[in-house]
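Below: one structure in structure tokens.
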Amino acid sequence: MKYADLHVHTFYSDSTFSPEEVVACAKDKGLGAIAICDHDSTDGVEPCRIIGKMLGVEIIPGIELTVEKADADIHILGYFMDYTLGWFQKQLRQIQKARVTRIHRMVEKLNHEGLKLKADDVFALAGKGTVGRLHLAQAMLKTGGIKKLQDAFDTYIGFMKPCYVANIRFTPQEAIGTLLRTGGVPVLAHPNVTGKDEYIPELIACGLRGIEVYHTDHRPSVVAHYEQIARENNLLMTGGSDCHGLGKGRVLLGGVRVPYSLVEKLRAESEKIRHEYR
Ligand code: AMP
Ligand code: ZN
Ligand code: FE
Ligand code: FE
């Protein structure tokens, strides 16, 4: 049977893996398809597709957008968007620019807390990718401000911690609406990581089509809980590892996989959305 991992990052956001490494790893794990879901960027999709064609791994275009509420940081995955649309890429470039400013602000806050660190240390780690807090945490580890990566989030830059700075503050309507207008299928990422089920009805009202029920950080009882919510609301149940290469220590790719039939369902849903919204 053919399987897919529907949540994979590359070095076009905060994974350490190049397209070559991601696709070779997927091939090695016996996956038939992977979705490239970088934060606020689709730049990794085309390079992965070129290598995917050579190695026989299907590359599904994806993305991971951030929605911010006063008390929650919600990630929305998109699948099968038409990522070649000019207005869409323009919007992504604006978000990427705002992320650079955000890193400068978080570094200033960390400096005030006594941590010696320069924004350029962070940008060096991000390379050509969308810069984010995982790069910041890695830089903090490198310059000796913290002892282990998780301490960066738990003490300084986790959501609402003292040195946290908000993202561009996309509303659910904006993020989900953007995806729908590109023909993308909007899916709520790792709901248990967000931990705010109370926002699910609003997301559904905005046009959410699926929930990432299967995820590296979802234990069996959590999976059962979200399977039920998905069933009750007629939502697709997706899954992926959320692999960041070595960015979070261990290579997670292929650790969570779904049957390929789900890829066909997402593709069909994207077709439906294209008829409805374009
Ligand atoms: P950003 O897009 O800049 O907000 O950063 C998101 C990245 O930071 C993702 O890779 C998350 O998995 C990671 N991250 C966010 N919060 C935490 C946390 N509390 N613990 C560990 N990683 C986190
Ligand atoms: Zn990430
Ligand atoms: Fe996420
Ligand atoms: Fe992710």
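For the condition touching a residue at least 40 places away in the same chain (Cβ under 8 Å), hydrophobic (A, V, I, L, M, F, W, C) and part of a strand (DSSP E or B), what is the one hit in 263, 187, 251? Steps first, answer last, please.
Working: 263 fails: part of a strand (DSSP E or B); 251 fails: part of a strand (DSSP E or B).
It is 187.
One line per residue, one yes/no per condition, for (1) buried (at least 19 other Cβ atoms within 10 Å of the Cβ); (2) more than 28 Å from residue 157 (Cβ to Cβ); (3) not charged (D, E, K, R):
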{"position": "5", "(1), (2), (3)": "yes, no, no"}
{"position": "14", "(1), (2), (3)": "yes, no, no"}
{"position": "33", "(1), (2), (3)": "yes, yes, yes"}
{"position": "39", "(1), (2), (3)": "yes, no, yes"}
{"position": "44", "(1), (2), (3)": "yes, no, yes"}
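Can you name every residue in the range 214-265 that is closer than 23 Å to residue 183 by Cβ and either of a type in the set (A, V, I, L, M) or in contact with a Cys (Cβ under 9 Å, 6 or more places away or on another chain) (or both)?
230, 235, 236, 237, 240, 258, 262, 263
Quick check: anything in the range 77-97 in contact with an Asp or Glu (Cβ under 7 Å, 6 or more places away or on another chain), crowded, with 23+ Cβ neighbours inside 10 Å and under 25 Å from residue 243 (Cα atoms)? First the steps, then the outcome.
Within the range 77-97, the subset in contact with an Asp or Glu (Cβ under 7 Å, 6 or more places away or on another chain) is 77, 92, 95-96.
Then keep just the ones that are crowded, with 23+ Cβ neighbours inside 10 Å; that gives 77.
Cutting the leftovers down to under 25 Å from residue 243 (Cα atoms) gives us 77.
Looking through the range 77-97, at least one residue is in contact with an Asp or Glu (Cβ under 7 Å, 6 or more places away or on another chain), crowded, with 23+ Cβ neighbours inside 10 Å and under 25 Å from residue 243 (Cα atoms).
Continuing with the same structure: Is there any pair with a first residue in the range 55-81 that is free of Cβ contacts under 8 Å to residues at least 60 places away in the same chain and over 14 Å from residue 13 (Cα atoms) and a second that is of a type in the set (Gly, Ala, Ser) and within 16 Å of ligand 2 (Cβ to nearest atom) whose Cβ atoms are under 7 Å apart and which are 6 or more apart or on different chains, and what are they?
Qualifying pairs under 7 Å: none.
Just checking, does the range 109-120 include any residue being among the charged types (D, E, K, R), away from ligand 1 (no atom under 13 Å from the Cβ), in a helix (DSSP H, G or I) and free of Cβ contacts under 8 Å to residues at least 40 places away in the same chain? Before you say what the answer is, go through the steps one by one.
Within the range 109-120, the subset among the charged types (D, E, K, R) is 109, 113, 116, 118, 120.
So of that shortlist, the ones also away from ligand 1 (no atom under 13 Å from the Cβ) come out as 109, 113, 116, 118, 120.
If we keep only those that are in a helix (DSSP H, G or I) as well, we get 109, 120.
If we keep only those that are free of Cβ contacts under 8 Å to residues at least 40 places away in the same chain as well, we get 120.
Yes: one or more hits.
Among the residues of the range 124-139, is any near ligand 1 (Cβ under 9 Å from one of its atoms), assigned to a helix (DSSP H, G or I) and touching an Asp or Glu at 6+ places or on another chain (Cβ under 7 Å)? Give the steps one after another, and end with the answer.
Start the filter on the range 124-139 by keeping residues that are near ligand 1 (Cβ under 9 Å from one of its atoms), which leaves 130-137.
Remaining after also requiring assigned to a helix (DSSP H, G or I): 133-137.
Right, trim to touching an Asp or Glu at 6+ places or on another chain (Cβ under 7 Å) and you get 134-135.
Scanning the range 124-139 turns up at least one residue that is near ligand 1 (Cβ under 9 Å from one of its atoms), assigned to a helix (DSSP H, G or I) and touching an Asp or Glu at 6+ places or on another chain (Cβ under 7 Å).
Can you find, within the range 134-178, the residue that is farthest from residue 209 (Cα to Cα) among those that are among the small types (Gly, Ala, Ser) and more than 16 Å from ligand 4 (Cβ to nearest atom)? Steps first, answer last, please.
Quick first cut of the range 134-178, residues among the small types (Gly, Ala, Ser) only: 137, 139, 144-145, 152, 158, 166, 175, 177.
Those left that are additionally more than 16 Å from ligand 4 (Cβ to nearest atom): 139, 144-145, 152, 166, 177.
On the way: 139: 36, 144: 43, 145: 41, 152: 33, 166: 26, 177: 12 Å.
Going through the qualifying residues, I end up with 144.
Something else now. Given 79, 83, which one is hydroxyl-bearing (Ser, Thr, Tyr), in contact with a Ser or Thr (Cβ under 6 Å, 6 or more places away or on another chain) and more than 16 Å from ligand 2 (Cβ to nearest atom)? Break it down into steps so the answer makes sense when it comes.
Details: 79 fails: in contact with a Ser or Thr (Cβ under 6 Å, 6 or more places away or on another chain).
It is 83.
Go over the candidates 74, 34, 103, 51 one by one and state the one that is within 16 Å of the chain's Cα centre (by Cα) and either within 18 Å of residue 257 (Cα to Cα) or not in a strand (DSSP E or B) (or both).
On the way: 74 fails: either within 18 Å of residue 257 (Cα to Cα) or not in a strand (DSSP E or B) (or both); 103 fails: within 16 Å of the chain's Cα centre (by Cα); 51 fails: within 16 Å of the chain's Cα centre (by Cα).
Only one candidate qualifies: 34.
Out of the residues in the range 1-28 that are away from ligand 3 (no atom under 16 Å from the Cβ) and touching a Lys or Arg at 6+ places or on another chain (Cβ under 8 Å), state the one that is nearest to residue 60 (Cα to Cα).
4
Determine which member of the set 137, 124 is among the aliphatic types (A, V, I, L, M), exposed (fewer than 15 other Cβ atoms within 10 Å of the Cβ) and within 19 Å of residue 13 (Cβ to Cβ). Steps first, answer last, please.
Details: 137 fails: exposed (fewer than 15 other Cβ atoms within 10 Å of the Cβ).
Matching residue, one of 137, 124: 124.
Consider the range 147-164. How many of its residues are assigned to a loop (DSSP other than H, G, I, E, B), surrounded by 16 or more Cβ atoms within 10 Å (Cβ to Cβ) and within 12 Å of ligand 1 (Cβ to nearest atom)? It would help to see each step written out before you state the result.
Kept after step one, since they are assigned to a loop (DSSP other than H, G, I, E, B), are these residues of the range 147-164: 147-148, 158-164.
Add one more test, that the residue is surrounded by 16 or more Cβ atoms within 10 Å (Cβ to Cβ), and what stays is 158, 163-164.
In the following step, the residues that additionally are within 12 Å of ligand 1 (Cβ to nearest atom) were identified as 158, 164.
Here the count works out to 2.
None of the figures in this text is laboratory data; all of them are computed from the coordinates on show. Note that the coordinates shown come from a computational prediction; the quantities given were computed from them, not determined experimentally. Because the Cβ atoms are built from the backbone with ideal geometry, glycine has one as well, and the counts that use them run over all protein chains shown.
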